[in-house]
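In what follows, a structure is listed as structure tokens, so that the remarks can point back to it.
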């Protein structure tokens, strides 16, 4: 599982990609909230509230997966980069808490015309944390190189068959 979260099988670290996916969904949450508040493009804004609620849940799920990847990366981080790896882990946890809390608050008032100020501001704070986390994780893990796993043979080749000569 550790190799999956570290991306050894993919050839690249998935942690920065997860952070930027979370940033993209977080921007979607903020835009859906703003569309509901200012009634952009619709006379009925209840659809925007529901979209923002589900996008908030999706962001929290991606943050949880990113936190698991950050834990897997933290284990093998060199000593000189431990501080940044710890910051990445804490930022992923804080983003998970903020978006989870925003989803919890939003779930109490799904039928509203727009999101209340509290879940909107919590989601914006989560977006700021995600932006910082994405830049830290991209700088920390994007250049990571791994050695070949020792427990697997590189390639098993059978000896070539030779033609029988008479």
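List of remarks:
- The residue list 114, 95, 91, 103 contains one member that is at pLDDT below 90, surrounded by 18 or more Cβ atoms within 10 Å (Cβ to Cβ) and either closer than 30 Å to residue 48 by Cβ or touching a strand residue (DSSP E or B) at 6+ places or on another chain (Cβ under 8 Å) (or both), which is 114.
- Residue under evaluation residue 9, criteria (1) at pLDDT below 85; (2) assigned to a helix (DSSP H, G or I); (3) farther than 17 Å from residue 134 by Cα, criterion not met: (2)
- Whenever a residue of segment 90-102 is within 11 Å of residue 125 (Cα to Cα), its partners that are outside any helix (DSSP H, G or I), lying with C-beta atoms within less than 9 angstrom and at least six residues away or across chains, give the pairs 102/115.
- Tabulated pairs, segment 29-46, first on the phi < 0 side of the Ramachandran plot and modelled with pLDDT under 85, second loosely packed, with under 13 Cβ neighbours inside 10 Å and part of a loop (DSSP other than H, G, I, E, B), C-beta under 7 angstrom, 6+ apart or interchain: 46/111
- Lone qualifier among 30, 56, 77 - being closer than 21 Å to residue 17 by Cα, out of contact with any strand residue (DSSP E or B) (no Cβ under 9 Å at 6 or more places or on another chain) and assigned to a loop (DSSP other than H, G, I, E, B): 77
- Residue 84 closer than 27 Å to residue 29 by Cβ, assigned to a helix (DSSP H, G or I) and modelled with pLDDT under 90: yes
- Counted residues, segment 117-144 - those being assigned to a loop (DSSP other than H, G, I, E, B), loosely packed, with under 13 Cβ neighbours inside 10 Å and more than 16 Å from the chain's Cα centre (by Cα): 1
The values are calculated or read from the model by the stated rules, or taken from the named source; none is laboratory data. Note that this is a predicted model, so its numbers are computed, not measured. When we count neighbours, we look across all protein chains shown, and the Cβ atoms used for this are built from the backbone with ideal geometry, even at glycine.
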